[in-house]
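> The structure that follows is given in the form of structure tokens.
The values are calculated or read from the model by the stated rules, or taken from the named source; none is laboratory data. Keep in mind that this is a model prediction, so the values were computed, not measured. Cβ placement follows ideal geometry from the backbone for every residue including glycine, while neighbour counts extend to all protein chains displayed. Keep in mind that these areas ignore ligands, DNA and RNA; they rest on the heavy atoms of the full protein, side chains included. Shrake-Rupley method; radii C 1.70, N 1.55, O 1.52, S 1.80 Å.
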Amino acid sequence: MKINQLGKTDLFVSELCFGALPMGPLQMGVSVDDGARLLAKAIDSGINFIDTAEMYGTYEHIRKGIQGHSGEVIINSKSTACDYQTMEKSIQDALAALGRDYLDIFLLHGARAGADVFSERAGAWQCLMDYKEKGYLRAIGLATHHVGAAANAAKEQELDVLFPLINKTGIGIIGGGVAEMLTSIEMCHKASKGIYAMKALGGGTMLDDIPGNIQFVRDIPGISAVALGMVNEKELNMNLKIFNGEALAPEDLTDCKSGKRLTILEACTGCGTCIATCHNNALYFDEATTGKKKPQVYQDKCLLCGYCTKACPGFYIRLV
């Protein structure tokens, strides 16, 4: 497994980053024990980089999965906090839940935030800077789907790490397309920011050419790692083969095309919270066709991120 320095930080990360989102309650709801076993196998196989977030609900999986491992495991988390006090609680909760005295990377979780994210969340950003100064965080930065926010990250002197959404088709990118996001990434690379990428497979919607779509992101200058969500050994083994340059058998790809889809249950009350939450405009009302005020899904736009499932007050949304 190739190991890369993350920008000008002192962090050296495996090119394949273990994305913990899908194993949590927002998506597949993998048990703590099963998730921990998968994480432990990933670490034993050469992966030393794990991406999670406060909202993913996977801290317990990670804490158990890294127990007893003697080597360095680099963990990134993030919070949607907008003010100082909320971010401070997010950091302290993560430290306690993961059983650590410090966190390797902590980011503003700004998936839906625009170009003004640093000013709009100035309190939370100041908290990250303060906690880094105190030694509780090794690196800080931004996770974003927005072209403008990624570009402004290059101008933030204290920012160490950018975690942008980028893929071959541009699905999920806000404020521009592939070319514009690549320009923002180039700006951050020239500013010596550490960069690792999300949604190389469009959240599981770009499975037509898994190796090719992953390679597109790996080839982008400045990208040190690619975060891929994994929930079982078949997915882990396939990704290990890809990043280790090993040949794939036809069954490796077939077995990993999960075909997950977003489904809204009939019990849905039509409150519209999910539509307001979706940053990719994948949900909409179509009463004329359905005869009921129930959200419908543009499956080709859906990133399967699971944010709408968390937002739904009635738990009427499933990823199946």
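> What number of residues within region 67-85 satisfy the criterion of being in contact with a helix residue (DSSP H, G or I) (Cβ under 7 Å, 6 or more places away or on another chain) and either open to solvent by 40 Å² or more (accessible area, probe 1.4 Å) or aliphatic (A, V, I, L, M) (or both)?
Result for region 67-85: 8.
> Further question: Within region 212-237, take every residue that is more than 19 Å from the chain's Cα centre (by Cα) and closer than 27 Å to His61 by Cβ and give me the one that is surrounded by the fewest Cβ atoms within 10 Å (Cβ to Cβ).
Selected residue: Glu233.
> Just to be sure I understand, how many residues within region 280-298 are in contact with a strand residue (DSSP E or B) (Cβ under 9 Å, 6 or more places away or on another chain), at pLDDT 80 or above and either part of a loop (DSSP other than H, G, I, E, B) or of a type in the set (A, V, I, L, M, F, W, C) (or both)?
Selection size over region 280-298: 7.
> If you don't mind, there's one more thing I want to ask. Show the residue pairs that are 6+ apart or on different chains and have beta-carbon atoms under 6 Å apart, the first residue being within region 138-167 and under 17 Å from Met87 (Cα atoms) and without any contact (Cβ under 8 Å) to a residue 60 or more places away in the chain, the second being open to solvent by less than 10 Å² (accessible area, probe 1.4 Å) and part of a loop (DSSP other than H, G, I, E, B).
Going by the 6 Å Cβ cut-off, the qualifying pairs are Gly141/Leu159.
> Taking Ala153 and the conditions (1) closer than 22 Å to Gly194 by Cα; (2) open to solvent by 10 Å² or more (accessible area, probe 1.4 Å), which numbered condition does it fall short on, given that it satisfies the others?
All conditions are met except number (2).
> Take Met28 and tell me if it is surrounded by fewer than 22 Cβ atoms within 10 Å (Cβ to Cβ) and out of contact with any Cys (no Cβ under 6 Å at 6 or more places or on another chain).
Yes; evaluated as a whole, the condition is true for this residue.
> What number of residues within region 1-50 are of a type in the set (S, T, N, Q), modelled with pLDDT of 95 or more and within 28 Å of Lys310 (Cβ to Cβ)?
Of the residues in region 1-50, 1 are of a type in the set (S, T, N, Q), modelled with pLDDT of 95 or more and within 28 Å of Lys310 (Cβ to Cβ).
> Would you point out the residue of region 114-149, among those that are part of a loop (DSSP other than H, G, I, E, B) and among the basic types (Lys, Arg), that is surrounded by the fewest Cβ atoms within 10 Å (Cβ to Cβ)? Please lay out each step first, then the result.
Kept after step one, since they are part of a loop (DSSP other than H, G, I, E, B), are these residues of region 114-149: 114-116, 121, 134-136, 145.
Cutting the leftovers down to among the basic types (Lys, Arg) gives us 121, 134.
Working: Arg121: 25, Lys134: 9.
Checked region 114-149; the qualifying residue surrounded by the fewest Cβ atoms within 10 Å (Cβ to Cβ) is Lys134.
> So, one more: Within region 48-63, is even one residue free of Cβ contacts under 8 Å to residues at least 12 places away in the same chain and of a type outside the set (S, T, N, Q)?
Looking through region 48-63, none of the residues is free of Cβ contacts under 8 Å to residues at least 12 places away in the same chain and of a type outside the set (S, T, N, Q).
> So is Phe18 of a type in the set (Phe, Trp, Tyr) and in contact with a helix residue (DSSP H, G or I) (Cβ under 7 Å, 6 or more places away or on another chain) or not?
yes
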